[in-house]
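Read the structure below first, then the notes.
The values are calculated or read from the model by the stated rules, or taken from the named source; none is laboratory data. Computed from a predicted model, the values in this text were never measured in an experiment. Here Cβ is always computed from backbone atoms with ideal geometry, including for glycine, and neighbour counts include all displayed protein chains. Note: accessible area is taken over every heavy atom of the protein model, side chains too, but ligands, DNA and RNA are not part of it. Shrake-Rupley method; radii C 1.70, N 1.55, O 1.52, S 1.80 Å.
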Amino acid sequence: MLTLAALYEAVLDAPAVGAAWHALVARTLADGPARWLLAAAAALVPLNWGLEARKWQTLARRVEPLRFGAAARAVLLGLTLGFSTP
């Protein structure tokens, strides 16, 4: 939640940046090939996070058993901390 608030404040709350972001998204969605690339990238993000969680689950198994859900939460927490810290 903290990451979303910081992202909103940094990107969408600033008028010039928000307008540029909206123009970029509108231009990308209007173009056929770019639209498919954006959809493919959006579809691959959860797959990437799932593979990352599986990797950590496998690596942690040597030390302590870890459920996939716990590994996925750890990956998402790491992403959040990575976005909100320098």
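By its C-alpha gyration tensor, with a ≥ b ≥ c as the square roots of the eigenvalues, how is the chain shaped: rounded for a/c under 1.5, else prolate for a/b larger than b/c, else oblate?
oblate
So, in nm, how far is label Leu38 from label Thr85 when the simple model puts each one 7 Å beyond its Cα toward the Cβ?
3.3
Before rounding to the nearest 500, sum -39500 (n - 2.57) across all DSSP H runs of length at least 4 in the chain and divide by the residue total; then give [θ] at 222 nm in deg cm²/dmol.
-26500 deg cm²/dmol
Treating the angle as unsigned and between 0 and 90°, give the value, to the nearest 10°, between the Cα long axis of helix 68-84 and the longest Cα principal axis of the chain.
Value to nearest ten degrees: 40.
For the chain, build the charge dipole from Cβ charges (+1 Lys, Arg; -1 Asp, Glu) around the Cα centre, then report which of Asn48, Ser84, Ala16 sits farthest towards its positive end.
Asn48
With +1 on the Cβ of every Lys and Arg and -1 on the Cβ of every Asp and Glu, and nothing else charged, how large is the dipole of segment 23-80 about its Cα centre, in debye rounded to the nearest 20?
200
According to a simple spin-label model (label point 7 Å from Cα along Cα-to-Cβ), what is the distance in nm between Ala23 and Arg54?
Result: 4.2 nm between the two label points.
Using a Gaussian network model of the chain whose springs link C-alpha atoms within less than 10 Å, name the residue from Val17, Val63, Val25 with the highest mean-square fluctuation.
Val63
³J(HN,Hα) across segment 37-53 via Karplus (A = 6.51, B = -1.76, C = 1.60, θ = phi - 60°), whole Hz, x for Gly/Pro?
Result, ordered by residue: 5, 5, 5, 5, 5, 5, 6, 7, 4, x, 4, 4, 5, x, 5, 4, 5 Hz.
What whole-number value in Å² describes the accessible area per residue of the chain for a 1.4 Å probe?
Spelled out: the 1.4 Å probe surface of the chain, per residue, equals 81 Å².
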